[in-house]
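Worksheet for the structure shown next.
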Amino acid sequence: MMKGLFIKDLRLMKAQKHFFGVVLMMMVIFLTVYTDFSFVIAYITVMFGFLTVSTISFDEQDNGLGYLLALPVSRRDYVKEKYLFSIATAIPGLMIVSVLAFAVSRIRGIDFVVEEWVMTTAVSLLIVGVMLSVVIPVQLKFGADKSRVVMLILFGGGSLTIYAGVKICDTFGIDYMPMLNWLAGIRPTITLAGVALVCTVLMGVSYLISRSFIEAREF
């Protein structure tokens with residue numbers, strides 16, 4: 001049944017030709033006009049990450065998820081497939097845009113050194129890993145409509161927490177720059193391996209949470 005779920009999601013992706021067209025157009029424009037390729041890599045990677053979320057939204061239309069789970073598809077298999085599908089779309093998307101960005105930087109003569117390129121790839125991987133680890137369980141718990149409100153609250157609260165933390169450090173004279181400089185000084189390959197490990201742990205915990213949500217949900 002896992003193969004069937006993969007085929008279903010691939011066909012859903014195939015139906016989103018306009019989305020891929022927009023992403024491709026934005027990528028071409030960004031790589032042609034922008035000089036900040038770090039932003040381009042992160043932004044396009046997140047766009048690919050949202051493909052998994054969109055498949056969940058399609059599944060839930062007209063109570064389709066309830067019908068799907070009434071078939072010989074276990075709830076655990078459904079959740080497992082979503083995480084595997086997210087990896088199968090986000091990682092290749094990250095690799096494609098990263099390689100293109102590096103190649104275009106050489107063609108356009110933009111100073112985008114290998115160390116910065118690897119660090120940007122690592123940060124983009126972390127961003128999409130955190131995003132999917134949060135969005136998938138929220139989507140499965142609250143559904144497509146309510147999850148938008150919940151995500152707005154979560155990301156808004158996270159931004160306010162970071163802002164408040166910076167302000168508190170400034171108020172009490174806490175110097176956080178040495179830690180940032182230390183992180184920046186770590187070898188890019190080590191950083192990439194560390195980020196991959198963190199994302200693996202986050203996705204594993206997120207999977208367990210999503211599984212508990214879908215098993216408790218009534219349709």
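The values are calculated or read from the model by the stated rules, or taken from the named source; none is laboratory data. Note that the structure is predicted; figures quoted are calculated from it, not measured. Note: ideal-geometry Cβ built from the backbone for every residue, glycine included; neighbour counts use all protein chains shown. Side chains included, ligands, DNA and RNA excluded: accessible areas come from the protein's heavy atoms. Shrake-Rupley method; radii C 1.70, N 1.55, O 1.52, S 1.80 Å.
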Total residues in the stretch 24-39, condition in contact (Cβ under 8 Å) with a residue 40 or more places away in the chain and either out of contact with any Lys or Arg (no Cβ under 9 Å at 6 or more places or on another chain) or within 17 Å of Gly49 (Cα to Cα) (or both): 3
Subset tally (residues that are over 18 Å from Tyr207 (Cα atoms), open to solvent by less than 30 Å² (accessible area, probe 1.4 Å) and within 10 Å of the chain's Cα centre (by Cα)) for the stretch 45-65: 1
Just give me the residues in the stretch 103-116 being open to solvent by less than 80 Å² (accessible area, probe 1.4 Å) and without any contact (Cβ under 8 Å) to a residue 40 or more places away in the chain, in sequence order. Ala103, Gly109, Val113
Are any of the residues in the stretch 102-111 aliphatic (A, V, I, L, M), in contact with a Ser or Thr (Cβ under 9 Å, 6 or more places away or on another chain) and not in a helix (DSSP H, G or I)? yes
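Do you know which of the residues in the stretch 122-133 that are aliphatic (A, V, I, L, M) and open to solvent by less than 50 Å² (accessible area, probe 1.4 Å) is nearest to the chain's Cα centre (by Cα)? Spell out how you get there, then give the answer.
Residues of the stretch 122-133 that are aliphatic (A, V, I, L, M), as a first pass: 122-123, 125-128, 130-132.
With the extra rule that they be open to solvent by less than 50 Å² (accessible area, probe 1.4 Å), the set shrinks to 122, 125, 128, 131-132.
Numbers: Ala122: 12, Leu125: 7, Val128: 2, Met131: 5, Leu132: 5 Å.
Restricting to residues being aliphatic (A, V, I, L, M) and open to solvent by less than 50 Å² (accessible area, probe 1.4 Å), the top hit is Val128.
Scan Gly21, Gly93 and give me the residue that is free of Cβ contacts under 8 Å to residues at least 60 places away in the same chain, buried (at least 19 other Cβ atoms within 10 Å of the Cβ) and closer than 27 Å to Ala122 by Cα. Working first, answer last.
On the way: Gly21 fails: buried (at least 19 other Cβ atoms within 10 Å of the Cβ).
Only one candidate qualifies: Gly93.
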Tell me which of these Met119 doesn't satisfy, since it passes every other one: (1) surrounded by 17 or more Cβ atoms within 10 Å (Cβ to Cβ); (2) modelled with pLDDT under 75; (3) not small (Gly, Ala, Ser). (2)
Being touching a Gly at 6+ places or on another chain (Cβ under 6 Å) and over 23 Å from Arg187 (Cβ atoms) narrows it down to one of Ala90, Ala103, so name that one. Ala90
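Looking at the stretch 199-217, which of the residues that are out of contact with any helix residue (DSSP H, G or I) (no Cβ under 8 Å at 6 or more places or on another chain) and under 15 Å from Tyr78 (Cβ atoms) is least open to solvent (accessible area, probe 1.4 Å)?
Residues of the stretch 199-217 out of contact with any helix residue (DSSP H, G or I) (no Cβ under 8 Å at 6 or more places or on another chain): 200-201, 204, 208, 212, 216.
Next, only the ones that are under 15 Å from Tyr78 (Cβ atoms) stay: 208, 212, 216.
On the way: Leu208: 95, Ser212: 56, Ala216: 78 Å².
Ranking the qualifying residues of the stretch 199-217, first place goes to Ser212.
Let's see how each residue does on (1) small (Gly, Ala, Ser); (2) within 17 Å of Asp9 (Cβ to Cβ):
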{"residue": "Val28", "(1), (2)": "no, no"}
{"residue": "Tyr34", "(1), (2)": "no, no"}
{"residue": "Ser38", "(1), (2)": "yes, no"}
{"residue": "Phe48", "(1), (2)": "no, yes"}
{"residue": "Leu71", "(1), (2)": "no, yes"}
{"residue": "Val79", "(1), (2)": "no, yes"}
{"residue": "Tyr83", "(1), (2)": "no, yes"}
{"residue": "Val104", "(1), (2)": "no, no"}
{"residue": "Trp117", "(1), (2)": "no, no"}
Return yes or no: is Ile87 among the β-branched types (Val, Ile, Thr), open to solvent by 20 Å² or more (accessible area, probe 1.4 Å) and more than 11 Å from Leu31 (Cβ to Cβ)? yes
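Only residues that are of a type in the set (S, T, N, Q) and more than 17 Å from Val99 (Cα to Cα): list them for the stretch 24-67, please.
To start, the set of residues in the stretch 24-67 that are of a type in the set (S, T, N, Q) comprises 32, 35, 38, 45, 52, 54-55, 57, 61, 63.
Thr52, Ser54, Thr55, Ser57, Gln61, Asn63, listed by residue number.
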Residue pairs qualifying under the 9 Å Cβ cut-off, at least six apart or on distinct chains, with the first in the stretch 54-77 being at pLDDT below 80 and the second being basic (Lys, Arg) and in a helix (DSSP H, G or I), are Leu68/Lys8; Leu69/Arg75
